[in-house]
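Below: one structure, written as structure tokens.
Bear in mind that the values in this text are calculations on the coordinates, not laboratory data. The shown structure was predicted, so the numbers you read here are calculated from the model rather than taken from an experiment. We place every Cβ from the backbone using ideal geometry, glycine too, and count neighbours over all the protein chains shown.
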Amino acid sequence: MAITQAMATSFKVEILDGYHNFGSGVVRASTAADTFKIALYTSSATLNASTTVYTTTDEVSSSGTNYSAGGKTLTISQVPTSTGTTAFLDFDDITWASATLTANGALIYNETQGNKAVAVLAFGGDKTSTAGNFTIQFPAATSTTAILRIA
């Protein structure tokens, strides 16, 4: 069991099939952007490029932790854009306030489209918060650092 950072392979296919709407308004201007969420997982989870959908298996407990199953809704901070030959987008940082939890990784998924997996984040080990803020800081929204990039 391990969490391996990756863009979900199924997401790559679904992008080509037009499943995910990140709200740039270019193709589907009459349709609201999909809702993207992030869920936290323990070190017992197996998440990697072959992950296809959100699952509650080995998700961080919601019992007395200030964490709710399914995680939190993400806000897109940089709609799809490009620099050079790389397209990218980014999300605002996200915080679970007054949280007591330990997480080893996370899954970004598209709630609107049947909870389809987008990307797995590996924290490089357990990260713990005890009655404090648990924050995921996304990298800068650039073609070389944004959390979602297609080169």
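Size descriptors for segment 87-151 (Cα atoms only): Rg and Dmax, in that order, 13.3, 40 Å. The coefficient of translational diffusion for segment 1-91, derived via Stokes-Einstein from the alpha carbon Kirkwood radius under 20 °C and 1.002 mPa s, stands at 142 µm²/s. Ordering Asp90, Asp17 by the number of other Cβ atoms within 10 Å of each residue's own Cβ, fewest first, gives Asp17, Asp90. Could you estimate the translational diffusion coefficient of segment 17-151 from the Stokes-Einstein equation, with Rh from the Kirkwood formula over C-alpha pairs, at 25 °C and 0.890 mPa s, in whole µm²/s? In µm²/s, the coefficient is 158. Sorting the Cα pairs of segment 51-98 by distance into bins of 10 Å, from 0 upward, gives 20, 34, 30, 14, 2 percent per bin. Residues whose amide H comes within less than 5 Å of that of Gly105, counting only those at least five positions distant or on another chain, are Tyr41, Phe123 (H built at 1.01 Å from N in the peptide plane).
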